[in-house]
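The values are calculated or read from the model by the stated rules, or taken from the named source; none is laboratory data. Computed from a predicted structure; not experimentally measured. Quick reminder, even Gly has a Cβ in these numbers, built from the backbone with ideal geometry, and neighbours come from all protein chains shown.
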Amino acid sequence: MSRHHLQPKADQPHVVRATIGWDRPLQTFFAQVFFVTVDEPEEGEALIWIGTEPGELLTPEAAIAIVEPHAIVPEDLAVRLGDEMRETIGVKDGSH
């Protein structure tokens, strides 16, 4: 699994952070946006969390579109996410 933590945009004071990455077992990209809540003012709560079902987000661009309104997205993030996905093709979980 890959995971990238993104800083909120300056005009999003209610956002703590956004997280985006690749989940190999589910074969999906995922996107989370954590918002300030009364119970979690510093850590935030993931009120947006997409990519929890197998194959839900099939491209890096689909995941980036979810977090982009809320967080600063590096220009090369789509390429890095695509590389991280390709690096896991054919990888299996080990025996438990």
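Per the conditions (1) within 13 Å of Ser2 (Cβ to Cβ); (2) at pLDDT below 95; (3) surrounded by fewer than 14 Cβ atoms within 10 Å (Cβ to Cβ), the sole criterion not satisfied by Val79 is (2).
Here is the figure for the stretch 37-73: residues that are closer than 16 Å to Gln7 by Cα, assigned to a loop (DSSP other than H, G, I, E, B) and at pLDDT 95 or above total 5. State all residues of the stretch 14-25 that are outside any strand (DSSP E or B) and either at pLDDT below 95 or β-branched (Val, Ile, Thr) (or both); if no residue qualifies, say none. Of everything in the stretch 14-25, those that are outside any strand (DSSP E or B) and either at pLDDT below 95 or β-branched (Val, Ile, Thr) (or both) turn out to be Arg24, Pro25. Considering the stretch 5-63, and only residues there that are among the aromatic types (Phe, Trp, Tyr) and in contact with a Gly (Cβ under 8 Å, 6 or more places away or on another chain), the residue that is farthest from Leu77 (Cα to Cα) turns out to be Phe35.
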